[in-house]
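Below is one structure, written out as structure tokens; the observations come after it.
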Amino acid sequence: HDALPIFEGVGLHACEYMTNGTVIILGSTAQNIGSGMTGGELFLYGDHQSNVNDEFIRLDPIHPDDEAKLRGILEDYAYETQSPLTRQILESWSLARLKFQKYLPKNVLVKRDIEMASRLKESAHQLTSGLPAANQGLARV
């Protein structure tokens, strides 16, 4: 495994200028989380929105593959550290999993949105290119 930071509390400027990887913060936070972050992903346990620097990072939905990854990482961490907090989270996973928030850098989300729009436009073009000319105006997206 690559090094993967898991924190049970952080001070000011957590994940400042982060460029890659995954960080998990389970405990308390201070202001300016994610300032200058241009890559990677951040999972926060609990509501820390007021401490997030939303000029650089935004919420992104947690998908089932994210949830499985997160749980696996926490299980390894609990085994290695015997962390009471992590064990408590895992013991109540069905509820605790809902308290996690995933953040990605804004530039990553913008790039993903542009790529998705381009793929949708290309798919629409492929669908309409085989239609008779009279119907093309109706089918354009």
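The values are calculated or read from the model by the stated rules, or taken from the named source; none is laboratory data. Here the structure is a predicted model, which is why all the values come from computation and not from measurement. Cβ coordinates were reconstructed from backbone atoms using ideal geometry, including for glycine residues, and neighbour counts include every protein chain displayed. Ligands, DNA and RNA are excluded from the accessible area calculation, which covers all protein heavy atoms including side chains. Shrake-Rupley method; radii C 1.70, N 1.55, O 1.52, S 1.80 Å.
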Residue in segment 84-133 that is farthest from Ile24 (Cα to Cα), counting only those that are open to solvent by 60 Å² or more (accessible area, probe 1.4 Å) and touching a strand residue (DSSP E or B) at 6+ places or on another chain (Cβ under 9 Å): Arg112
Hits in segment 23-53 - residues which are more than 14 Å from the chain's Cα centre (by Cα) and hydroxyl-bearing (Ser, Thr, Tyr): Ser28, Thr29, Ser35, Ser50
Pick from segment 1-36, criterion in contact (Cβ under 8 Å) with a residue 24 or more places away in the chain and touching an Asp or Glu at 6+ places or on another chain (Cβ under 6 Å), ranking: farthest from Ala96 (Cα to Cα): Thr22
Count of segment 74-108 residues which are assigned to a helix (DSSP H, G or I), free of Cβ contacts under 8 Å to residues at least 12 places away in the same chain and of a type outside the set (Gly, Ala, Ser): 9
Scope segment 70-101; condition touching a helix residue (DSSP H, G or I) at 6+ places or on another chain (Cβ under 6 Å) and under 15 Å from Thr22 (Cα atoms); matching residues: Leu74, Tyr77
Tally, over segment 1-45, of residues that are in a loop (DSSP other than H, G, I, E, B), open to solvent by less than 20 Å² (accessible area, probe 1.4 Å) and in contact with a helix residue (DSSP H, G or I) (Cβ under 7 Å, 6 or more places away or on another chain): 1
Count of segment 51-68 residues which are more than 16 Å from Glu8 (Cβ to Cβ) and in contact (Cβ under 8 Å) with a residue 12 or more places away in the chain: 12
Looking only at segment 46-73, and only at residues there that are under 16 Å from Lys99 (Cβ atoms) and assigned to a helix (DSSP H, G or I), the one that is most open to solvent (accessible area, probe 1.4 Å): Ser50
